[in-house]
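This report refers to the structure that appears directly beneath it.
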Amino acid sequence: MYRLIAIDLDGTLLSPRPQKMITLRTRLALQKAVEAGIRIVIATGQSLAVLQAICGELPIEGPQIIENGAQIADIQTGQIYHEHLLPAEYVLPVLTALRQAGFHRAYHTRSRVYADIETPRVRQWYRPPVPPVIEMADVASLYPEPCIKVVGVCEESKLRACRSELMSLFAEQLYITQSAFDLLEFLHSRVSKEEGLMTIARDLGIERAEIVAIGDGHNDIGMLQFAGLGVAMANAHDEVKKEADYVTGSNAEDGVALAIEELVLPGLK
């Protein structure tokens with residue numbers, strides 16, 4: 001029997017743009033799972049403020065995976081259980097490498113997100129009540145402000161062309177992941193959704209065989225591999241689907257609800 005379901009946010013739990021909402025069918029499926037004693041963990045690259053705004057009314061409590069695992073926190077109380085900041089000695093080298101590669105950059109602190117002026121899509125990242133991104137001439141001027149992560153932003157073709165080289169510069173030193181078609185994130189080496197899920201499972205005494213993980217992005221692959229059942233969305237990249245045990249419907253087809261209804265709830269009867 002499954003005891004925990006870890007669910008990615010964008011591209012998985014949320015419907016496609018422009019709505020980006022949690023559908024009624026998905027809410028009902030989550031409610032049924034919670035009533036059956038199953039823990040729901042949202043695993044996202046988004047901030048605590050974003051998760052509180054989007055998921056605050058869902059029937060979830062306890063630790064959630066935030067900022068790709070850099071923080072594990074309770075969205076109801078704001079309590080942070082675990083946190084790994086980007087080591088200070090890597091902040092400026094990462095920012096410099098990204099600028100030299102022609103990327104715009106975002107600097108995530110505990111309270112706000114800052115980005116270089118004219119960073120693509122930056123004004124679309126957050127909607128009220130989440131505070132907007134603060135644009136500035138050079139985010140490197142924020143250093144030594146504690147940094148959760150640095151994000152490189154550019155068009156999809158440039159990211160694909162530069163990803164391997166940028167990752168090789170900081171191999172074995174940082175965790176680097178592509179969280180969207182135009183975003184490359186640099187975090188503490190002990191950070192990932194997989195590590196966050198392992199930490200929560202250990203804290204709660206839950207075995208990996210008792211976990212279902214659902215996602216669509218490259219940054220979800222680790223937790224899909226770790227979980228007893230890894231589920232990819234139909235809208236996931238082929239690289240993600242290859243690592244999954246099962247492919248559910250897309251986020252336009254209530255894929256999360258479908259997975260819960262077909263794979264989780266029947267095992268409780």
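The values are calculated or read from the model by the stated rules, or taken from the named source; none is laboratory data. All figures in this text were calculated on a predicted structure; none of them were measured in a lab. Backbone-built Cβ (ideal geometry, glycine too); neighbour counts: all protein chains shown. Remember, those area values only see protein heavy atoms, side chains included, never the ligands or the DNA or RNA. Shrake-Rupley method; radii C 1.70, N 1.55, O 1.52, S 1.80 Å.
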Could you check how much of the accessible area of region 1-120 is carbon and sulfur, as a whole percent, using a 1.4 Å probe? 51 percent
Tell me, what % of the accessible area of region 184-255 is carbon and sulfur with a 1.4 angstrom probe? 40 percent
Relative to the present Cα-Cα distance, how much length would full extension add between V34 and R127 at 0.36 nm per residue of separation? 30.7 nm
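Order 159-172, 134-147 from most to least packed using the mean count of other Cβ atoms within 10 Å.
Details: 159-172: 13.4, 134-147: 15.4.
Highest to lowest by the protection proxy: 134-147, 159-172.
Using R₀ = 30 Å, calculate the FRET efficiency as 1/(1 + (r/R₀)^6) where r is the Cβ-Cβ separation of Y81 and E239; round to 0.05.
Details: r = 31 Å, r/R0 = 1.02.
Here the calculated transfer efficiency is 0.45.
With a sphere of radius 12 Å drawn around the Cβ of R208, what net charge do the other residues whose Cβ falls strictly inside it have (Lys, Arg +1; Asp, Glu -1)? Walk me through the intermediate numbers first.
Working: positive: R3, R202; negative: E194, E207, E210.
Surrounding charge for R208 is -1.
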Once every Cα of region 152-269 carries one equal point scatterer and solvent is ignored, give the base-10 log of I(q)/I(0) from the Debye formula at q = 0.14, 0.21, 0.22 Å⁻¹, two decimals. -0.66, -1.19, -1.25
Modelled label reach - L204, point 7 Å along Cα→Cβ, region 80-121 residues with backbone N closer than 20 Å: 80-84
Quick check: net charge around F226, other residues with Cβ under 13 Å of its Cβ, Lys/Arg +1 and Asp/Glu -1? -4
Could you calculate the FRET efficiency of A137 with A171 from 1/(1 + (r/R0)^6), where r is the beta carbon distance between them and R0 is 30 Å, rounded to 0.05? 0.45
Within region 27-59, backbone nitrogen closer than 19 Å to the virtual label 7 Å beyond the Cα of M21 toward Cβ: 27-31, 51-59
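Taking 8 Å as the Cα distance limit and 6 or more residues as the minimum spacing, I'd like the relative contact order of the chain as a percentage. Kindly include the intermediate steps, with their values, before the conclusion.
Working: 548 pairs, mean separation 56.5, N = 269.
It comes to 21 percent, rounded to a whole number.
For the chain, what is the convex hull volume of its Cα atoms per residue in Å³? Provide the component values of the computation, followed by the final result.
Numbers: hull volume 31.8 nm³, N = 269.
Dividing the Cα hull volume of the chain by its residue count gives 118 Å³.
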Mind listing the long-range amide H neighbours of E61? Cut-off is under 5 Å, sequence gap 5 or more, other chains count too, H placed in the peptide plane at 1.01 Å from N. I40
Other residues with Cβ under 13 Å from the Cβ of M21 give, with Lys and Arg +1 and Asp and Glu -1, a net charge of +2
Longest principal axis of the chain (C-alpha) makes with the long axis of helix 24-35 (C-alpha) an angle, in degrees to the nearest 10, of 70 degrees
Only helical DSSP H runs with n ≥ 4 go in: add -39500 (n - 2.57) per run for the chain, normalise by residue count and round the 222 nm mean residue ellipticity to 500 deg cm²/dmol. -8000 deg cm²/dmol
Using Cα centres only, tell me the gap between region 104-167 and region 11-90 in whole Å. 21 Å
Using only Cα atoms and rounding to the nearest 10 degrees, what angle (0 to 90) does helix 193-204 make with the longest principal axis of the chain? 50 degrees
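Please give me, ordered by residue number, the GluC sites (Glu not before Pro) of region 1-96 that lie in loop per DSSP and have at most 11 other Cβ atoms within 10 Å.
Values: sites: E35, E57, E61, E67, E83, E89; in loops: E57, E61.
The qualifying sites are E57.
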